[in-house]
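*Asks:* I'd like to ask some things about the structure below.
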Amino acid sequence: AESVSALTATINGFSEAAYTSSEIVNKLAAVDAAFAVSSNDLAEALKRVGSTANTAGVSLDELLGVVAATQQMTARGGAVIGNAFKTIFTRMQRPRVIGALEALGVATKDAEGNTLGMMATMRNLAGTYDKLAPKQQALVAELVGGVFQVNVLKAALGDLGKEYSMYANAVKIANNATNEA
């Protein structure tokens, strides 16, 4: 019943992409096999943040990538990570947060003035975050993650800031999944 619930939530949350249940299961299995994350934890995260992520412009593959990378770094469960990213994605769309990020030099728009995708903005934040003064880091962490999601946010930013991130590898694996299940 939980598996069906997770698949239904994912299919509904990413309805524009028209994923089949087989495609979703294959993506979960592929990421599960490559990282220290279970399909169950991935499914729990998807149930909690799938529709919010989709609304924020995060693809299923990107979401699986950031959840896998964060779980591998924090050992937190999928439910905790999913709830954290629901908060993070929601906060990062607020005009006040976008303005604060731009004031710190974090690119949130492309050259034509179009809003960047959520994960592109997070990667830009990751590239800037370590260069900020400690007080600025604390302000950004609270603005973006809130008081309770700071650890998940910092773990995600830590990985997104790396040249060879687990996130990028997990996105690639999810994107190339075929018949892993």
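The values are calculated or read from the model by the stated rules, or taken from the named source; none is laboratory data. Remember, predicted model here, so these are calculated numbers, not experimental data. Counting neighbours? That spans all protein chains shown, and the Cβs are built from the backbone with ideal geometry, glycine included. Note: accessible area is taken over every heavy atom of the protein model, side chains too, but ligands, DNA and RNA are not part of it. Shrake-Rupley method; radii C 1.70, N 1.55, O 1.52, S 1.80 Å.
*Asks:* Lysines within cross-link reach of K86: Cα-Cα under 20 Å, excluding same-chain residues under 8 positions apart?
*Replies:* By straight Cα distance, K86 reaches K47, K154.
*Asks:* Using Kirkwood radius over Cα pairs in Å as the read-out, say which of (i) 16.2; (ii) 21.5; (iii) 18.2 was calculated from these coordinates.
*Replies:* From the options (i) 16.2; (ii) 21.5; (iii) 18.2, the structure gives (i).
*Asks:* While we're on this one: In the chain, with Lys and Arg counted as +1 and Asp and Glu as -1 at Cβ, which of these residues, A138, N114, L60, has the Cα nearest the positive end of the dipole, that is, farthest along it?
*Replies:* About the Cα centre, the residue reaching furthest to the positive side is A138.
*Asks:* Then there is this: If each of N179 and T55 carries a label point 7 Å out from its Cα toward its Cβ, how far apart are those two points in nm?
*Replies:* The two pseudo-label positions are separated by 3.9 nm.
*Asks:* Helix 78-91: angle to the longest alpha-carbon principal axis of the chain, degrees 0 to 90, nearest 10?
*Replies:* Relative to the chain, helix 78-91 is tipped by roughly 40 degrees.
*Asks:* State the percentage of accessible surface on the stretch 54-181 attributable to carbon and sulfur atoms; use a 1.4 Å probe and exclude ligands, DNA and RNA.
*Replies:* Roughly 50 percent, rounded to a whole number.
*Asks:* So what's the angle, to the nearest 10 degrees on a 0 to 90 scale, between helix 2-13 and the longest Cα principal axis of the chain?
*Replies:* For helix 2-13, the angle is close to 50 degrees.
*Asks:* Moving on to the next point. Any idea what angle helix 134-145 forms with the longest principal axis of the chain, computed on alpha-carbon atoms, 0 to 90 degrees, nearest 10?
*Replies:* Rounded to the nearest ten degrees, it is 40.
*Asks:* Between A111 and K172, what is 0.36 nm times their sequence separation minus the Cα-Cα distance? Round to one decimal in nm.
*Replies:* Stretched fully, the A111-K172 segment lengthens by 19.3 nm.
*Asks:* Per 0.36 nm of contour for each residue apart, how much would the distance between A138 and E102 grow if the chain were fully extended, relative to their Cα-Cα spacing?
*Replies:* Working it through step by step, the gained length comes to 11.3 nm.
*Asks:* So what's the gap between the Cα centers of the stretch 95-112 and the stretch 25-90, to the nearest angstrom?
*Replies:* Between the Cα centres of the stretch 95-112 and the stretch 25-90 lies a distance of 25 Å.
*Asks:* Excluding I173 itself, what net charge comes from residues whose Cβ is under 15 Å from its Cβ, given Lys and Arg +1 and Asp and Glu -1?
*Replies:* -4
*Asks:* Separation between the Q93 and Y164 pseudo-spin-labels, each 7 Å from Cα along Cα→Cβ, expressed in nm?
*Replies:* Result for the modelled spin labels: 3.6 nm.
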